[in-house]
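Enquirer: I have a structure I would like to understand better, so I am pasting it below and will then ask my questions one at a time.
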Amino acid sequence: MLTLHTAPLVDAGDGTLLPAGAVAVSGDRITAVGPLAALRATYPEARVREWPGRLAPARVHTGPPPAAPSPRETVHALFARGATALRAEGPLDASFREAAARGGLRLVASPSPTPLAPRARADLFAATDDGECVATVCAGRLVYRRR
C-alpha cells in the first residue's frame, strides 16, 4: 500500500523546500516528492499520514550509540531521535549489529543523510518546529511515533 507522508513543510535535503508537501512511499522506497495536492491526485487511494512541523531525510547519528538496557532498545532510542543510520566510527558489539540489521538501521561511513528523492530508500523523520522528533520512517516502515 502506498502512503503519503505530509507536513506543513517538506525539506527534501537537497535544498528543496516544499510548503504543504508530501513524500509518497511504497514498500521501502520513495515513489515521489511534491506538493500534497498533486500527489493526492496522482495517488487517490493512498493512506495519508499528516505530521506537524516538517518532514526531512532521516538523521545520521554520529558518536557512540545511546545507552540503553538492550541492543534492541538502543536501536529504538536512535529511531526516537529521527535517525535511521549510525556513523560507524569504531567497533560495535555484535549483538548491537544484529539488532541494527533486524531493525533496518544502516551503519554508514558518511554523516550526510540521503535526500528525499524517487527510488531512494524511504528513510525520513517528522519534527516539530523546535526540532523534536515526532515520527521516524525507516525503509518505509513507521518505526517510531511520539505519543
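The values are calculated or read from the model by the stated rules, or taken from the named source; none is laboratory data. Keep in mind the model is a prediction, meaning the values are calculated, not measured. A quick note on method: Cβ atoms are made from the backbone with ideal geometry, for glycine too, and the neighbour counts reach across all protein chains shown. In case anyone asks, the SASA skips ligands and DNA or RNA and just uses the protein heavy atoms, side chains included. Shrake-Rupley method; radii C 1.70, N 1.55, O 1.52, S 1.80 Å.
Enquirer: Residue pairs, Cβ under 6 Å, 6 or more apart or interchain, first in region 69-83 and closer than 18 Å to Ala135 by Cβ, second outside any helix (DSSP H, G or I) and aromatic (Phe, Trp, Tyr). List them.
Expert: As it stands, the answer is Phe79/Tyr144; Ala80/Tyr144; Gly82/Phe125, since those pairs meet every condition given.
Enquirer: Ok, one more. Among the residues of region 1-53, write down those that are assigned to a strand (DSSP E or B) and among the β-branched types (Val, Ile, Thr).
Expert: Within region 1-53, Thr3, Thr6, Val10, Val23, Val25, Ile30, Thr31, Val33, Val48 meet the criteria.
Enquirer: I've got another one for you. Within region 84-95, which residues are surrounded by 13 or more Cβ atoms within 10 Å (Cβ to Cβ), more than 17 Å from Asp28 (Cβ to Cβ) and out of contact with any Ser or Thr (no Cβ under 6 Å at 6 or more places or on another chain)? Talk me through it step by step, then tell me what you get.
Expert: Here is the first cut: in region 84-95, the residues surrounded by 13 or more Cβ atoms within 10 Å (Cβ to Cβ) are 84-88, 92.
Cutting the leftovers down to more than 17 Å from Asp28 (Cβ to Cβ) gives us 86-88, 92.
Scanning region 84-95 gives Leu86, Ala88, Leu92.
Enquirer: Kindly indicate which of Thr16, Thr6, Thr31 is in contact with a helix residue (DSSP H, G or I) (Cβ under 8 Å, 6 or more places away or on another chain) and polar (S, T, N, Q).
Expert: Only one candidate passes the filter, namely Thr6.
Enquirer: Among the residues of region 123-147, count how many are open to solvent by 40 Å² or more (accessible area, probe 1.4 Å) and either part of a loop (DSSP other than H, G, I, E, B) or on the phi > 0 side of the Ramachandran plot (or both).
Expert: So the answer is 5.
Enquirer: Does region 111-130 include one or more residues that are of a type in the set (Asp, Glu) and at pLDDT 95 or above? Reasoning before the result, please.
Expert: We begin by selecting, within region 111-130, every residue of a type in the set (Asp, Glu); these are 123, 129-130.
Keeping just the survivors that are at pLDDT 95 or above gives 123.
Yes: one or more hits.
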